[in-house]
Structures are given as structure tokens and as C-alpha cells.
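Asks: Got a structure for you, written out below as C-alpha cells; questions coming shortly.
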Amino acid sequence: MSNDHTQVQDFFTARAADWDSRFPDDGPAYQAAVDELRLRPGSRVLDAGCGTGRALPALRGAVGTSGVVLGADLTPAMLRAAREAGRDRAGQLLLADVARLPLLTESLDAVFGAGLIAHLPHPAENLRELRRVVRPGGLLALFHPIGRAALAARQGRRITPDDLRAEDNLGPLLAGSGWHMTSYVDEDARFLALAVREG
């Protein structure tokens, strides 16, 4: 994906209207990933790069009515699709760039990022911004509803050694951005890396 935000927006704008219908069976994978965050009622969580908001209902279920659920995305068409699907009832939608979040420092307990890492223009810097808004000891989940090999096959490509989601690349990237990776799963059915904010 290009570093140019306009190209990222164009890519997702063209796909927003039928995004959910293209991937209709992802709900259980999203729920399972959110469950692994072990959020508590009253927790404050951000879905970074929320797209059509598929994680928002699961996040709301985890934090309950006393919690805060935010969904931030760079593409207005994706947020529009989230509203049309009624997912704005599960969380507040923000038109925002995850590279410069309009959130207070250490104001969240967790960040959930589905398919996010591949679209970050400056991964180390962007992960530091996510760290900024999470309290010490807070969590980060980098998720995809299918694993790296299955995704590459779907896209007609091969996994390359420089893939940011490879465990040997992601661990040091997270560490250099103030996160400590605590678990890593890359199976056909899902990709999930969990990290805790250090300091």
C-alpha cells in the first residue's frame, strides 16, 4: 500500500460499499480476537483503522455500557458504511488519521487494529502514536481474519521476507515503538499479535 493517504483513501473508498459483503464470515474471527484482549467492563478502547466497524459490536460487548468504544478511520466512505450498518450504535466514529489521533495521552486501555499494519505509512512512528494514547500496561491487538499465507494466496502473491507481520520483523518493530509482544498467532484462519505498552 502506498504511503500517500490519498491513494489509501481511494483504495478503500472504491471498496467501502461492498466491503462487508465480500467478507461475510469474518464475524466470529473478530469476536475471538476481541475476546483475547480480555477487556473489562468500563474499559476504553479504540478500533484504529476501523473501516466499516466490524469490530465495534464485539468491543462494545466486551466493555459494556460503562465503557468507551471509538472507531477511527481515514476514509469517509468506510465510516459512512459503518453508520449504514448501524455500527455507530456500538461506538463513536471518528474521521481521523491514526498517525495523529485527536485523543489525550494515556486515555485508553487498549487499541484494536484489524488489517492495520500493512496500511501504516510509517509503521514505527505510527505504532508510537498508538502507544501515546494507551496507558502504561495497556494492550494492542494487531489482527487479520486470515493468516499471512492465506491472505497472500487470496491476493495472488507470495509472502516476502520483509513482510512486517512476520514474527521476526514485528517483534522488533513493536519493541522499538514501546510495545512488548506477548503472543503471536499466524494460522490460515487468523493472524493475531498481542502487545503490552511498556513504560
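Asks: Just to verify a result, which residue in region 47-106, among those that are assigned to a strand (DSSP E or B) and over 24 Å from GLU36 (Cα atoms), is least open to solvent (accessible area, probe 1.4 Å)?
Replies: Our first condition is that a residue be assigned to a strand (DSSP E or B); within region 47-106, this holds for 47-48, 68-73, 92-95.
Subsequent filtering for residues that are over 24 Å from GLU36 (Cα atoms) retains 94-95.
Numbers: LEU94: 33, LEU95: 114 Å².
Checked region 47-106; the qualifying residue least open to solvent (accessible area, probe 1.4 Å) is LEU94.
Asks: Go through ASP97, ASP88, ASP109 for me and flag whichever is in contact with a strand residue (DSSP E or B) (Cβ under 6 Å, 6 or more places away or on another chain), within 18 Å of LEU70 (Cβ to Cβ), modelled with pLDDT of 90 or more and among the acidic types (Asp, Glu).
Replies: Criteria check complete, one pass: ASP109.
Asks: Residue under question is LEU56, and the condition is that it be without any contact (Cβ under 8 Å) to a residue 24 or more places away in the chain and in contact with a helix residue (DSSP H, G or I) (Cβ under 7 Å, 6 or more places away or on another chain); does it hold?
Replies: Answer is no for this residue.
Asks: Just checking, how many residues over region 132-148 are open to solvent by 60 Å² or more (accessible area, probe 1.4 Å) and not in a strand (DSSP E or B)?
Replies: Matching residues across region 132-148 total 1.
Asks: So is ALA29 under 15 Å from the mean Cα position of the chain (by Cα) and among the hydrophobic types (A, V, I, L, M, F, W, C) or not?
Replies: It is true that ALA29 is under 15 Å from the mean Cα position of the chain (by Cα) and among the hydrophobic types (A, V, I, L, M, F, W, C).
The values are calculated or read from the model by the stated rules, or taken from the named source; none is laboratory data. All values derive from a computational prediction rather than experimental measurement. As a convention, Cβ positions derive from the backbone with ideal geometry for all residues, glycine included, and neighbour counts pool all protein chains shown. Each accessible area value is taken on the protein alone, full model and side chains, heavy atoms only, with ligands, DNA and RNA left out. Shrake-Rupley method; radii C 1.70, N 1.55, O 1.52, S 1.80 Å.
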